[in-house]
Structure formats: C-alpha cells, structure tokens
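Novice: Supplied in structure tokens, the structure appears directly below.
We did not get these values from a lab; they are worked out from the coordinates using the rules stated. Because the structure is predicted, anything quoted here is derived from the model rather than measured. Glycine gets a Cβ as well: all are built from the backbone with ideal geometry, and neighbour counts include every protein chain shown.
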Amino acid sequence: MSLEWVFHVPPLRNVEVSFKIRALEPLRIGAGKDTEGITDLPIVRMLWKGGQEVPVIPGSSLKGVLRTVGESLWSSVIGKYVHEDSGGNPVCKGASDLMKEIKNWKIPIDEARRRVARGLCPVCLTYGVPGFMSKVLVGDFFPAYYSVGVIKQASIHRKKGTATNPREVEYVEPGSLFEGELTLNNAPNWMIALVLASLYLIDSGFVKLGGFKSRGFGAVKIEDLEVKAKDLKPLDEYDKELDADKLSDLGYAYRMWTSMAKELKNRYGDRR
Ligand SMILES: [Zn+2]
C-alpha cells in the first residue's frame, strides 16, 4: 500500500483554500487581560500594511476550532470521543512515544509511514501531534472591512459577592469581513473533505468562533471559498475520488466526508 502521503516528504501535492469570514454576530477573539489597553478585555490585533494595528482572526485560533470540529466529526463516526483515553490530551494515546520511537530507531521510511498511519487517528494525522507536523497550515485572517465595538459587562466580586465596576469588553461588529487562506500538504482526499466539512459546520452556524458564545457572539459565514487543486486522485486504496471543481460547495464537501468516513472507519475505527 502506498503511504507516501503520511510525511511531508516527498511533496506530492498542495491544496490551497482561500476564503473570507463574515461576522454575522459580534465576534470576540480575545487577547487576554490587558491592564494597559483601552478596554479591560481587548481583541487580538496585529500589524498590517502601512504599520497600523488591525483586528485579526489568528490562524492558530482558527486551526484550534477546526481541530475540535474534526474531533466531533470523527467521534460521531466511531461512536465515542476519539481521545477519551489520552489523559486529557486531545491527541491519540501514545502519540508522542510513537514519534520518539520513529525518530530514534532509524527504521525504514515505509515502516515508519505504516506505523504513523496505524498509530494516529484521522484527526491527529490531519492536525499533527508533538513531533509530527500538521498537514493543515492556517494563515492569519486580516480584515477587508471591520468596525470595533465595546460592551460593558457587569461582574460580581468573587469573595464579597457584590457588583464591581463593569468591565469593558471589545469585539468586532457584525458585517466585518476577514480574508485569508489555509494550505493542505500531502493531504489525502478524505483529509481535504474533513477540513472542508468542518468549515461547513462553521458556515452553517453549528460552530461559532471566539468568546462570549452564550451571549449571542461568534456566528460567522464563509464567503468566496476557492479551492486551488488540480488532480485529486486518491492517494491510497482507502482514499476516494473527489471532484476538485465541486469543492467550493461546502455542502458537497460535507457529504463527501460522510461517505468517506465509512471507509476510514474500516481502517481506523476498530482500534479507537
Ligand atoms: Zn488522535
């Protein structure tokens, strides 16, 4: 069986996915507590063209959401939480030992590929574990358009039980638009489908971004999705055909993931 795709070498193919994220509700990607900022709870900002600081959706934060959604998708396929035995770590049990073995034992590359493909679940194969690089690289999303708002949030003093001064909480207002891209390196078709199916759940409103979700924050829409891929032939015999021209339709990607997941379960499902 050809498992050449398991590592980043040799480079077999790159798939670029560019899209925009439109805030439908207030969106708050927090920068943590800032004692010197203008507000008590500022949003993340980064330097952009012209040296000005603008709100961003950091790639690391979007990747974290995609990984979590991927875990839910795979867990629903296998009928239990995929990383429940991992001692609180959201990676496969034994993943870091496996990667150390492969590094130290100098085993043949084909054997190393086989062990990684058997030892990691589809989510860990996609988003990486310590010692095994993610196949999905998510760039930072910078604004094409944005406006920022501030709400005052009353809080209760933990010990005294009395109201303290309201905190000022910063957010990006609905209508704001962010653009960026993610790249998949050596990703089989099922992996492309998994990532796009996760975007589908974000686009559909099942998954929200950022903080304050319980207060009606974080719903977004995915716009102008473009998948740059030429020939999406299956990368091994468990992989299936994917129509590159249809992939900008996230609903198609979601349906393809659902049908591919059955095949993957035959391969991975019995072990976890
Ligand atoms: Zn895993």
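Novice: Say the dipole of segment 4-269 comes from +1 at the beta carbon of Lys and Arg and -1 at that of Asp and Glu; which of Val220, Tyr81, Pro130 then lies farthest toward its positive end?
Specialist: Farthest towards the positive end: Tyr81.
Novice: Now for a different question. If contacts are Cα pairs under 8 angstrom and at least 6 residues apart, what is the relative contact order of segment 4-269 in percent?
Specialist: On the way: 494 pairs, mean separation 82.0, N = 266.
It rounds to 31 percent for segment 4-269.
Novice: Further, regarding this structure: Could you list Arg67, Arg255 in order of exposure, starting from the residue whose Cβ has the fewest other Cβ atoms within 10 Å? Provide the component values of the computation, followed by the final result.
Specialist: Values: Arg67 21, Arg255 15.
In increasing order of surrounding Cβ atoms, one gets Arg255, Arg67.
Novice: Where does the chain land at 222 nm, in deg cm²/dmol rounded to the nearest 500, when only DSSP H runs of n ≥ 4 count, each adding -39500 (n - 2.57), divided by all residues? Don't jump to the answer; show the numbers that get you there.
Specialist: Numbers: 6 runs with 78 residues, N = 272.
That comes out to -9000 deg cm²/dmol.
Novice: If neighbour count is taken as other Cβ atoms inside 10 Å, put Leu27, Leu137, Leu232 in order from fewest to most. Kindly include the intermediate steps, with their values, before the conclusion.
Specialist: Details: Leu27 27, Leu137 15, Leu232 22.
Ranked by crowding around the Cβ, least crowded first: Leu137, Leu232, Leu27.
Novice: In whole Å, what are the extents of the chain along the principal axes defined by its C-alpha atoms, from largest to smallest?
Specialist: 63, 45, 37
Novice: By counting other Cβ atoms within 10 Å of each Cβ, how are Ser96, Ser176 ranked from fewest to most?
Specialist: Numbers: Ser96 15, Ser176 23.
Neighbour counts put them in this order, fewest first: Ser96, Ser176.
Novice: Still on this structure, I have one more. Set the bar at 29 Å for Cα to Cα. Now go through Lys213/Lys246; Lys100/Lys221; Lys49/Lys230; Lys49/Lys246; Lys80/Lys230; Lys152/Lys221 and name every pair that lies beyond it.
Specialist: On the way: Lys213/Lys246 32 Å; Lys100/Lys221 40 Å; Lys49/Lys230 32 Å; Lys49/Lys246 34 Å; Lys80/Lys230 35 Å; Lys152/Lys221 26 Å.
In this structure, Lys213/Lys246; Lys100/Lys221; Lys49/Lys230; Lys49/Lys246; Lys80/Lys230 exceed 29 Å between Cα atoms.
Novice: While we're looking at this one, here's another question. Hey, what's the per residue convex hull volume over the C-alpha atoms of segment 66-170, in cubic angstrom?
Specialist: On the way: hull volume 21.3 nm³, N = 105.
Expressed per residue, the convex hull around the Cα atoms of segment 66-170 is 203 Å³.
Novice: Which lysines, if any, have their Cα less than 17 Å from the Cα of Lys159, not counting same-chain residues under 8 positions apart?
Specialist: Those lysines meeting the cut-off do not exist here.
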